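*Asks:* Quick one: structure below, then a few questions.
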Amino acid sequence: MPLKNHVREARQAAQLTQEALAMKVGVTRQSIIAIEQGKYGPSVKLALELAAALGVRVEDLFELEARPERGTR
């Protein structure tokens, strides 16, 4: 299932730049950009580090996008 995220909103609410957040969690700014754009789904470890750095729960940052249900047989 596709992963939806709210990293940009949480980062902006925490008044952090992409560079500052990247430094806090030990990744590049390009990684933060890719995560915010939904081009990269972070590992569980990185998701936990992002949540801690932003002062939110992982569930507040990431959610699975629902797929349309298929008909039953």
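*Asks:* Out of all the residues in segment 32-41, is one or more within 11 Å of ASN5 (Cα to Cα), at pLDDT below 95 and touching a helix residue (DSSP H, G or I) at 6+ places or on another chain (Cβ under 6 Å)?
*Replies:* yes
*Asks:* Quick check on LEU48: is it surrounded by 14 or more Cβ atoms within 10 Å (Cβ to Cβ), touching a helix residue (DSSP H, G or I) at 6+ places or on another chain (Cβ under 8 Å) and either modelled with pLDDT under 95 or in a loop (DSSP other than H, G, I, E, B) (or both)?
*Replies:* Working: surrounded by 14 or more Cβ atoms within 10 Å (Cβ to Cβ): yes; touching a helix residue (DSSP H, G or I) at 6+ places or on another chain (Cβ under 8 Å): yes; either modelled with pLDDT under 95 or in a loop (DSSP other than H, G, I, E, B) (or both): no.
When the stated conditions are applied, LEU48 does not pass them.
*Asks:* A follow-up question, please. I'd like the full set of residues that are over 20 Å from GLU63 (Cα atoms) and either surrounded by 15 or more Cβ atoms within 10 Å (Cβ to Cβ) or among the acidic types (Asp, Glu) (or both), limited to segment 5-19.
*Replies:* Once the filter is applied, which keeps residues that are over 20 Å from GLU63 (Cα atoms) and either surrounded by 15 or more Cβ atoms within 10 Å (Cβ to Cβ) or among the acidic types (Asp, Glu) (or both), segment 5-19 yields LEU16, GLN18, GLU19.
*Asks:* Considering segment 12-38 alone, what residues qualify as being under 21 Å from GLU65 (Cα atoms), touching a residue at least 24 places away in the same chain (Cβ under 8 Å) and part of a helix (DSSP H, G or I)?
*Replies:* If the condition is that a residue be under 21 Å from GLU65 (Cα atoms), touching a residue at least 24 places away in the same chain (Cβ under 8 Å) and part of a helix (DSSP H, G or I), then ILE32, ILE35, GLU36 are the ones that fit.
*Asks:* Going residue by residue through segment 48-57, is there one that turns out to be touching a residue at least 12 places away in the same chain (Cβ under 8 Å) and within 27 Å of ARG67 (Cα to Cα)? Before the answer, list the steps.
*Replies:* Residues of segment 48-57 touching a residue at least 12 places away in the same chain (Cβ under 8 Å): 49-50, 53-56.
With within 27 Å of ARG67 (Cα to Cα) added as a condition, the list becomes 50, 56.
Yes; the residues of segment 48-57 include at least one that is touching a residue at least 12 places away in the same chain (Cβ under 8 Å) and within 27 Å of ARG67 (Cα to Cα).
The values are calculated or read from the model by the stated rules, or taken from the named source; none is laboratory data. Bear in mind the structure is a predicted one, so any value in this text is a computation, not a measurement. Cβ atoms come from the backbone with ideal geometry, glycine included; neighbour counts cover every protein chain shown.
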